[in-house]
């Protein structure tokens, strides 16, 4: 079948998808706003999880709660006919710390230092859930056998939810998984992402009076700082795709007391799991050296881990057809005014540099909103970010969309993004995502040849290498965003 014929098939389904989506529009916006107004950090998304479950159950989906041992994770499925392929829709709903913000284009936290949806996951989950509802309804109308499975995935920001779900086999049996992410442009997400390890280090020393008898002290904070110095020298000798970042979580209480305990968190990223594990060993050597130099002892634990993302062009082609058939978000002049006001809060040099770095087409650099659909505009190499969608992509053919929900140039993980995620700009992008994903799901369900091509591509990309979870066989990692007082003490190893 030619590409033109496929596009015509997809376009023929688009009116039915739009009609069904219109029936759910109000409740999807209400769901996204409810989650936005009550932001919850990873593994704590109780209100968001309950709101999503209630909506799915109201529309006849069978819900299984607490899957993979995580309280806020669940799956919901709807079987249309018998023997249809299983299409998964991936949803998220966790917020980020410190990004509380009102729906206004100026800095105005709703809760000082509180969490906020600075990555748009309130929209992501509602959009994927909406796609599940619409896909099931359209498949039923057209008599297309299809098993729709919605996955409520907690703690994406901590690289936890989907990794644990993959370890427990929840994605086994899927023919395809689809997802999307809020962005500045509307286009398929091509290319790979970095594998990741989250590491926590704890050094133990000996306290002493910092002036009277410092010679009796052994500073755990010195160990943390010397480790950081060593890692910063290490940066010169790693590959171009490697990324290492850290924060000091605990360093003592008083400057006149030698700290006997200090804790730091690291995130280590590289192109593949094997690359990350090699780099992790070099970071551990830096920690060992710091402990030796300071006369302290050290421990480390894995707080998060995820695989690199395997793109799937066969599924990506379907998503692009579907997005073109649905059309871009229908922004209006009020949205453009809001976007201009947001853009005015950002240094122009930061915006221009960011657009060049992200490969945004030159003709969009002066625009404030993306109001068209583009073919993949980003180079199909590696993107220097990480997502637990990567672990799904090793288990089943997986592809995603970027959808415009924010002004062009908006930095990720910012208060500006939080504001847009609660505004009509975000709602319109979310509805576009729901429509495009639903349309792609139905088209894949009636196209066994495209499912076969997607499966063959996955086999080619993995070269027969099976998925191996980067996590220990049991337990839920704490995540590198978790407060220290929530650390259960498990998983520590001596340096």
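Remarks
- With the gyration tensor restricted to C-alpha atoms of segment 378-473, the semi-axes of the equivalent ellipsoid amount to 30, 20, 12 Å, longest first.
- Order of 405, 65, 396, 75 under a 10 Å beta carbon neighbour criterion, fewest first: 65, 75, 396, 405
- Between the helical axis of 273-294 and the longest alpha-carbon principal axis of the chain there is an angle of about 20 degrees.
- With Cα atoms, 0 to 90° folded angle of helix 220-234 axis to the chain main axis: 60
- Full extension of the chain between residue 213 and residue 112 yields a length gain of 32.3 nm, computed as 0.36 nm times the residue separation minus the alpha carbon distance.
- Alpha-carbon gyration tensor eigenvalues x 5, square-rooted, for segment 143-214, Å: 46, 18, 10
- Two numbers describe the Cα atoms of segment 195-306: Rg and Dmax, which are 14.8, 50 Å.
- Footprinting exposure proxy for 165, 293 (fewest neighbouring C-beta atoms within 10 Å first): 293, 165
- With Cα atoms defining each centre, segment 66-142 and segment 17-32 are spaced 14 Å apart in the structure.
- Least to most buried among 408, 248 (fewest other Cβ within 10 Å first): 248, 408
- The chain: angle of helix 448-462 to the longest principal axis, Cα-based, in degrees nearest 10: 20
- Computed over every Cα-Cα pair of segment 221-271 and binned at 10 Å starting from 0, the pair-distance distribution P(r) comes out as 23, 44, 23, 9, 1 percent.
- Our compactness index for the chain, the C-alpha radius of gyration over the empirical 2.2 N^0.38 Å, is 1.00.
- DSSP bridge pairs, the chain: antiparallel proportion in percent, nearest 5: 70
Just so you know, all these numbers are worked out from the coordinates, no wet-lab data involved. None of the values given here were measured: they were computed from a predicted structure. Neighbour counts run over all protein chains shown; Cβ positions are idealised from the backbone, glycine included.
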